[in-house]
Amino acid sequence: MVQTLFEQNGGTYTQKGDYLLPNVKLPEQLVYEIGVWGNRRRQYLKQHHRIKYYNMLTRCTLYPYLEDIEQQAQRMFDDLVDQMAKQEGITEQLKAEDMMLWVRKMNSVRKQAEEIINHEIIFN
């Protein structure tokens, strides 16, 4: 149970039982839009580059960084899908004539674009 608040050594402390616990408050952070790409990068950093991950997290630079990765990867994905679809001849006319063929080709193009982004941005 919280009994009293103490000023000591330039900070505030709360007494809980026999212990004085520091009142720690993180700075206010903005809400960041992190999607699939940002989350993949976060998981990669957390699993393979733990020190970098925790340093960025404690310095409050992780989420702005992940939002930037998300935006870069999404732009690159959209551009690659458009370019590759044109190269493969995937058109709206094909979509109207043979929907299943169009879906197969678009899925293939999207998967290829995803692999490129994973290699160049996410796992780099």
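Counting the residues of the range 70-87 that are more than 10 Å from the chain's Cα centre (by Cα) and either farther than 29 Å from Gln112 by Cβ or open to solvent by 40 Å² or more (accessible area, probe 1.4 Å) (or both) gives 10.
The residue that is farthest from Cys60 (Cα to Cα), among those in the range 17-41 that are out of contact with any Lys or Arg (no Cβ under 9 Å at 6 or more places or on another chain) and among the hydrophobic types (A, V, I, L, M, F, W, C), is Leu20. Looking at Ala113, Ala73 in this structure, which one is in contact (Cβ under 8 Å) with a residue 12 or more places away in the chain and touching a Leu at 6+ places or on another chain (Cβ under 8 Å)? Only one candidate qualifies: Ala113.
Checking the conditions here, which among Gln29, Gln43 is touching a helix residue (DSSP H, G or I) at 6+ places or on another chain (Cβ under 8 Å) and free of Cβ contacts under 8 Å to residues at least 60 places away in the same chain?
One residue alone meets the criteria, Gln29.
The set of residues in the range 63-79 being of a type outside the set (Phe, Trp, Tyr) and over 19 Å from Glu120 (Cα atoms) consists of Pro64 alone. For the range 15-69, a residue qualifies if it is surrounded by 14 or more Cβ atoms within 10 Å (Cβ to Cβ) and acidic (Asp, Glu), and exactly one does: Glu67. Against the numbered list (1) assigned to a loop (DSSP other than H, G, I, E, B); (2) exposed (fewer than 15 other Cβ atoms within 10 Å of the Cβ); (3) of a type outside the set (Phe, Trp, Tyr); (4) in contact with a helix residue (DSSP H, G or I) (Cβ under 7 Å, 6 or more places away or on another chain), Ile90 comes up short only at (2). Would you say Ala113 is open to solvent by less than 60 Å² (accessible area, probe 1.4 Å), under 30 Å from Glu28 (Cβ atoms) and in a helix (DSSP H, G or I)? Criteria not met by Ala113. In the range 24-69, how many residues are modelled with pLDDT under 95 and either touching a strand residue (DSSP E or B) at 6+ places or on another chain (Cβ under 7 Å) or acidic (Asp, Glu) (or both)? Adding up the residues that qualify gives 2.
Assessment of the range 95-108 against the conditions (farther than 26 Å from Asn39 by Cβ, touching a Leu at 6+ places or on another chain (Cβ under 7 Å), surrounded by 14 or more Cβ atoms within 10 Å (Cβ to Cβ) and modelled with pLDDT of 95 or more) yields at least one matching residue. Tallying residues that are in a strand (DSSP E or B) and modelled with pLDDT of 80 or more within the range 1-23 yields 9.
The values are calculated or read from the model by the stated rules, or taken from the named source; none is laboratory data. On a predicted model such as this, the values are computed, not experimentally measured, just so you know. Here Cβ is always computed from backbone atoms with ideal geometry, including for glycine, and neighbour counts include all displayed protein chains. SASA here: full protein model, heavy atoms, side chains in, ligands and nucleic acids out. Shrake-Rupley method; radii C 1.70, N 1.55, O 1.52, S 1.80 Å.
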